Amino acid sequence: MTGHPPVRARRTRRWAVHAVLCAGLLVMAAPFVWMGLSAFKTDEELGASPTVWIPTEWTLEHFRELLELLDMAQHFFNSAFVATVVTLCNLVFCSMLGYALAKLRFAGKRPVFALVLGALMVPGNLMLMPMFVLMSRMELIDSYAALILPFAAGAFGVFLMRQFMLAIPDELLEAARIDGASEWYIFWRIAMPLVKPALATLAIFTFLQSWNNFLWPLVATNDPEKYTLPVALATFATDPTKADGSNGVLMAGAFLVVLPVLLVFVVLQRHFTQGIATAGLK
């Protein structure tokens, strides 16, 4: 006759799982914690041995130097503007196509979905050269359009929204059509409110990817006024006339790059976790 394991054994297992998870969290978070704390350290503490984790003297000098050496306001605006517009475009366009693939009948529906799945398998770096040639022939190099248009809709977003749209009951949509609602009204007023967790998940992933995008902005912009924050910091770090002995300044810049992403995640984390949990049921 078998029964439940003793309470002590279950508690021991639970504590062991928690210990392993906490250890993994420390390993993952340590570089970010080190970066954030180093941005407020003095140069002496940055080069101290043994390593000083928590600053004994907090300073904002590195941030002041960063503002003097780089046009941070312009670069921050470029990153924020591009990431915000790309995110909004993905939320609208991916939702529209996901709704069409999930709930509408039209010729070529299967080939279009197959094309979306095929696009998911293509490495992003493979598209750099075709995108650059296309933007160059459209005379969009060194413009915000070049940074936004290639990422205005993504295959992952379309697939994600389609999977969530499939969970919407067809009877609900048919009832709205019988009542005389237009397809546009059904999409905006019925379907979209029901997939808010998916929208939050897509918003976080898209904003994160766009904000941290380095390779394409580096290829598509030559004008420093159009540099995004990662490109500007990388250019600064490789310039020996500016970056020599400025590890603290680089830490401050990296801290400013990470901070908006953390804020977006904190604001949308409830919807994000709900979306991930619901995705497991699809």
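The values are calculated or read from the model by the stated rules, or taken from the named source; none is laboratory data. Note that the coordinates shown come from a computational prediction; the quantities given were computed from them, not determined experimentally. Here Cβ is always computed from backbone atoms with ideal geometry, including for glycine, and neighbour counts include all displayed protein chains.
The table below gives the values:
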| read-out | value |
| --- | --- |
| Pair list, Cβ < 7 Å and 6+ apart or interchain, from region 39-58 residues that are surrounded by 16 or more Cβ atoms within 10 Å (Cβ to Cβ) to residues that are outside any loop (DSSP other than H, G, I, E, B) and of a type in the set (Ser, Thr, Tyr) | 46/38 |
| Within region 234-282, considering residues that are part of a loop (DSSP other than H, G, I, E, B) and at pLDDT 65 or above, the one surrounded by the fewest Cβ atoms within 10 Å (Cβ to Cβ) | 238 |
| Criterion violated by residue 73 - all others in (1) exposed (fewer than 12 other Cβ atoms within 10 Å of the Cβ); (2) touching a Ser or Thr at 6+ places or on another chain (Cβ under 8 Å); (3) under 27 Å from residue 229 (Cβ atoms) satisfied | (2) |
| Test: residue 205 is surrounded by 16 or more Cβ atoms within 10 Å (Cβ to Cβ), modelled with pLDDT of 90 or more and not basic (Lys, Arg) | no |
| Hey, residue 138 surrounded by 13 or more Cβ atoms within 10 Å (Cβ to Cβ) and more than 30 Å from residue 183 (Cβ to Cβ) or not | no |
| Within region 22-31, tally of residues that are under 24 Å from the mean Cα position of the chain (by Cα) and either over 20 Å from residue 51 (Cβ atoms) or touching a residue at least 24 places away in the same chain (Cβ under 8 Å) (or both) | 2 |
| Among the candidates 159, 164, 187, residue that is over 28 Å from residue 78 (Cβ atoms), crowded, with 20+ Cβ neighbours inside 10 Å and in contact with a helix residue (DSSP H, G or I) (Cβ under 7 Å, 6 or more places away or on another chain) | 164 |
| So residue 106, is it touching a residue at least 60 places away in the same chain (Cβ under 8 Å), in contact with a helix residue (DSSP H, G or I) (Cβ under 9 Å, 6 or more places away or on another chain) and either basic (Lys, Arg) or farther than 25 Å from residue 221 by Cα (or both) | no |
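Quick grid of which residues meet (1) at pLDDT below 90; (2) loosely packed, with under 14 Cβ neighbours inside 10 Å; (3) touching a Phe, Trp or Tyr at 6+ places or on another chain (Cβ under 9 Å); (4) of a type outside the set (A, V, I, L, M):
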| site | (1), (2), (3), (4) |
| --- | --- |
| 86 | no, no, yes, no |
| 107 | yes, yes, no, no |
| 118 | yes, yes, no, yes |
| 122 | yes, yes, no, no |
| 130 | yes, yes, no, yes |
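Here's the yes/no breakdown for (1) among the acidic types (Asp, Glu); (2) modelled with pLDDT under 90; (3) touching a Ser or Thr at 6+ places or on another chain (Cβ under 9 Å):
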position: 139; (1), (2), (3): yes, yes, no
position: 145; (1), (2), (3): no, no, no
position: 152; (1), (2), (3): no, no, no
position: 160; (1), (2), (3): no, no, yes
position: 167; (1), (2), (3): no, yes, yes
position: 182; (1), (2), (3): no, yes, no
position: 198; (1), (2), (3): no, yes, yes
position: 225; (1), (2), (3): yes, yes, no
